[in-house]
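> Just dropping this structure here.
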Amino acid sequence: MARPTAAEPVGAAPGKRSTVYDARPERGGLRPTLRLRLTLLNGILLVGAAVLLVLLAELLVDGAVRPAHQLAAGTQVRMSDGRLLDVQQWQRQLLEPNLSRVRAGQPS
């Protein structure tokens, strides 16, 4: 229920008071302002969009980059110089320089 408060009206004689009712209902706790609610909504939408973009990127990259061990036996890789290599040879060619650096303790 609204509680009456005493206030002096504008233009009234000094000392004369009238009762003004506070139309806002009394609530316990804090009421979030419109600015706070819009900020929270924008934050939630931003996080949601970021999650969707990360999932989409993962789906696209996962489809494009497959590990060589999933390739069928007998698959060949054509190198930029025109040579054809078996998948296992190609894998070894890719891994050997990196493995030797890791074993030597050098950063990549």
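> Taking θ = phi - 60°, what integer Hz values does the Karplus form 6.51 cos²θ - 1.76 cosθ + 1.60 yield along segment 43-50, in sequence order, with x for Gly and Pro?
My calculation for segment 43-50 gives x, 5, 5, 5, 5, x, 5, 5 Hz in order.
> Could you order peptides 85-98, 32-45 by the average number of other Cβ atoms within 10 Å of their residues, highest first?
85-98, 32-45
Read the figures in this text as sums done on the coordinates, not as results from a lab. What you see is a predicted model, and the numbers here were worked out from it, not measured in a lab. Cβ coordinates were reconstructed from backbone atoms using ideal geometry, including for glycine residues, and neighbour counts include every protein chain displayed.
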